[in-house]
Amino acid sequence: MKILVFRFSAMGDVAMTAPVLKELTEQNPDIELVIVSRGSYQPFFNSVSNSTFVGVNLEDYKGIGGLKKLASLLEGYKADMIADLHNVLRTKILKFFLTFSVKKIATLNKGRKEKKKLIQKNNKTLKPLRQMSERYADVFRELGFKIRLSHQLSSQNSKSCRIIGIAPFANYKEKMFPLKKMEELCLHLANNNYTILLFGGGKEEIKILNSWENLNSNIQSIAGKKSLDEEIKLIQTLPLMISMDSANMHIASLAGTRVISIWGATHPFAGFLGYGQKEDDCVQLNTLTCRPCSIFGNKPCYRKDWACMNNLAIQDILSKI
């Protein structure tokens, strides 16, 4: 069976699918995956056997006409099934155009109603929801395939060195530990003979992380200096990463590296904890009743004090280390 797999979205969301697809193909060696995503995300799927990656520049396929063109391209892969791991308007339109060329289609259930109860301001229902990795696996179960997720980190290598990767950024302030405190944490660890590797992306992030390099010779910025594939291979060698609820948590999980993750407006209960990571390794204020106020961290703090992050102490992270 050949399955078209759709997952565009943000970097972290796409990285989350890779461990699921890896275990799917290991447990079902007679299937072939055609993974359709943004071209820059190809390195996430290097370890997925029996797969072909189709990198898509969405700017080339705008509107209904563009998606019809993309559907025609995908039709050429002669897939038997479609696994929609995204469930947005774009993938719905693609499925419409491909309906008659495949035998079966299954679509991700995002669990929107349960998530709404988790983040509502009043009468919040604070309980763990189904993990997103299991929701992805459910799509393939609906297609008729057996898959049992291990929820274990893939790497078995010994990682006893005193090197820690730190990724201090996220898309939203509500998901970021205050940068001044993070800078102090880096300096504290560097002064205690840890080598700190800093990870980040955009121009402003690179500028900030480069300035932290000057604090101590044990601090090195990787930001902007390596390709995504090279970053994954480097993270694979680390015994530990410190990250926000961000793409770097999921990239480290994919690389088989344990993560101390820091959570503010969002919460592991929403199902987005990195694959194989432990809730005991999460740093968060469990006593703050307004948490979580958002699934993705994209809603401004209605208290205006960002207590979920500002009230966390550096010692809270050091104790986890």
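The values are calculated or read from the model by the stated rules, or taken from the named source; none is laboratory data. Computed from a predicted model, the values in this text were never measured in an experiment. Note: ideal-geometry Cβ built from the backbone for every residue, glycine included; neighbour counts use all protein chains shown.
Among the listed residues GLN277, GLN315, identify the single one that is modelled with pLDDT of 95 or more and surrounded by fewer than 22 Cβ atoms within 10 Å (Cβ to Cβ).
Just one listed residue meets the conditions, GLN315.
Taking the stated definitions as given, is SER49 outside the structural domain of LEU228 (by TED's automatic domain parsing), part of a loop (DSSP other than H, G, I, E, B) and out of contact with any Pro (no Cβ under 7 Å at 6 or more places or on another chain)?
Numbers: outside the structural domain of LEU228 (by TED's automatic domain parsing): yes; part of a loop (DSSP other than H, G, I, E, B): yes; out of contact with any Pro (no Cβ under 7 Å at 6 or more places or on another chain): yes.
So SER49 fits the description; yes.
For the range 65-96: of the residues being hydroxyl-bearing (Ser, Thr, Tyr) and over 14 Å from ARG7 (Cα atoms), which is surrounded by the fewest Cβ atoms within 10 Å (Cβ to Cβ)?
Only one residue tops the list, namely SER72.
Among the residues of the range 189-207, is any among the acidic types (Asp, Glu) and under 27 Å from SER294 (Cβ atoms)?
Yes - at least one qualifying residue is present in the range 189-207.
Scan MET132, MET176 and give me the residue that is closer than 30 Å to ASP80 by Cα, touching a helix residue (DSSP H, G or I) at 6+ places or on another chain (Cβ under 9 Å) and of a type in the set (A, V, I, L, M). Write out each step before concluding.
Details: MET176 fails: closer than 30 Å to ASP80 by Cα.
After applying the criteria, what remains is MET132.
Could you list, in sequence order, the residues of the range 265-309 that are at positive phi and in contact (Cβ under 8 Å) with a residue 40 or more places away in the chain?
Scanning the range 265-309 gives GLY271, GLY276, GLY297, TRP306.
Looking at ASN50, is it under 30 Å from ILE235 (Cα atoms) and in contact with an Asp or Glu (Cβ under 8 Å, 6 or more places away or on another chain)?
Yes: the conditions hold for ASN50.
If LEU126 satisfies every condition in (1) hydrophobic (A, V, I, L, M, F, W, C); (2) touching a Phe, Trp or Tyr at 6+ places or on another chain (Cβ under 7 Å); (3) assigned by TED's automatic domain parsing to the domain that holds ARG7; (4) closer than 30 Å to SER47 by Cα but one, which is the exception?
Condition (4) is where LEU126 drops out.
Hey, can you tell me all the residues within the range 1-15 that are surrounded by 24 or more Cβ atoms within 10 Å (Cβ to Cβ), of a type in the set (A, V, I, L, M, F, W, C) and within 15 Å of PHE140 (Cα to Cα)?
Listed by number, the residues that qualify are ILE3, LEU4, VAL5, PHE6.
Out of (1) at pLDDT 95 or above; (2) among the hydroxyl-bearing types (Ser, Thr, Tyr); (3) more than 16 Å from PHE6 (Cα to Cα), what's the single condition that is false for THR99?
It fails just one condition, (3).
Please go through (1) surrounded by 19 or more Cβ atoms within 10 Å (Cβ to Cβ); (2) over 24 Å from TYR275 (Cβ atoms); (3) among the hydroxyl-bearing types (Ser, Thr, Tyr) for SER133 and return the number of the only condition it doesn't satisfy.
The single condition SER133 does not satisfy is (2).
When you check LEU153 against the structure, is it of a type in the set (A, V, I, L, M, F, W, C) and more than 15 Å from the chain's Cα centre (by Cα), yes or no?
Taking the combined requirement at face value, the residue does not satisfy it.
Quick check on my filter: what residues within the range 28-46 are crowded, with 17+ Cβ neighbours inside 10 Å, assigned to a helix (DSSP H, G or I) and in contact with a strand residue (DSSP E or B) (Cβ under 6 Å, 6 or more places away or on another chain)?
Correct list: PHE45 only.
Taking the range 136-147, which residues are in contact (Cβ under 8 Å) with a residue 60 or more places away in the chain and either over 20 Å from SER253 (Cα atoms) or not assigned by TED's automatic domain parsing to the domain that holds LYS104 (or both)?
Residues satisfying the conditions are PHE140, LEU143, PHE145, LYS146, ILE147.
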